[in-house]
Amino acid sequence: MSEAKISPRLAVVIQLVTMLAGTGISFAAVPPASDRDPASCAELVRVAVANEVAASNDGTKHMFRSRKQTPQGSQTRLYVETREAMAGMTVAYNDKPLAPEQLQGEENRLAGLAGNPEQLKHKHSQEQENAEHTLRIVKALPDAFLYQYDGEENDTPGDDSHRTVRLRFRPNPAYQAPSRVEQVLVGMQGVVVVDPVARRIARIDGTLFKEVGFGWGILGHLDKGGHFLVEQRDIGNGCWEISRMSLDFTGKILLFKSLAIKTDEVFSDFRQVPSDITFAQGVEMLKAEEVKLAENHKPGATATDPKSH
């Protein structure tokens, strides 16, 4: 995803919500008490957002693993970011490898996509639209909310040398959402955690404190109490990726169809792949990785379970 490479995982989070509804300042450490006023907190967010936007132009691509837990069970998938579209393959349900016929179905689906340029083009277009929507949401964060210093956090027990800054946020009454993409922000409050050294957003934990309509209320709404959590981390070489996202929303679609989303997804095992990799090459990488996982599940194998990475 060379254009607007907001992480595809973050795009999934924001798109689920929105579909339903230059700075040179450097912060080398946690800001001192004198800089914890609302204006300084907002500036810290603005700096972090500027870096998130700058990172959206990074053409680095990865192969990674996800494990999504829902009330119906779990699904483990492998993904490869390619220059044409994201290639994804299911490898386990409820931590059990796919049966041969299920695996064949996955391979047939991917082969069909790889051999259909029009479908690939459509898939790529959808992914880019999701990324653009995400970018608009991220860009709106400094202006859409008012921020208040809420303490510091240490994600590495025993190491106090690197602490993150926790800020509480609530809607800015002066903010006017420019489109329905940003409209969901007016009903959200919560906590954002910023890494002041990397100047990146480490976590966003938001809750809808009121019902939020989308499509002017005609298409439906999200109920009060809806919640989402997004965690991001440095996976090496200064590259940040989403490591976890949790969604819990209810509402209505087209006024009568009930909506219920409840998932908790963890992303792991990130490995960089060539930036010019094609979709077909990505599919071959997925198949090779699936074979390795299958070998690890044979009796006597000592490799790690898919859910543990």
Potential extension, Lys210-Thr70 segment - 0.36 nm per residue separation minus Cα distance: 47.9 nm
C-alpha center-to-center spacing [the range 180-208, the range 36-75] in angstrom: 9
Accessible area per residue, Å², the range 55-213 with all protein chains present, probe 1.4 Å: 48
Carbon plus sulfur fraction of accessible area for the range 128-268, probe 1.4 Å, in percent: 50
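The values are calculated or read from the model by the stated rules, or taken from the named source; none is laboratory data. As the structure is a prediction and not an experimental result, all values here were calculated from the model. Note: areas computed on protein heavy atoms with side chains; ligands, DNA, RNA excluded. Shrake-Rupley method; radii C 1.70, N 1.55, O 1.52, S 1.80 Å.
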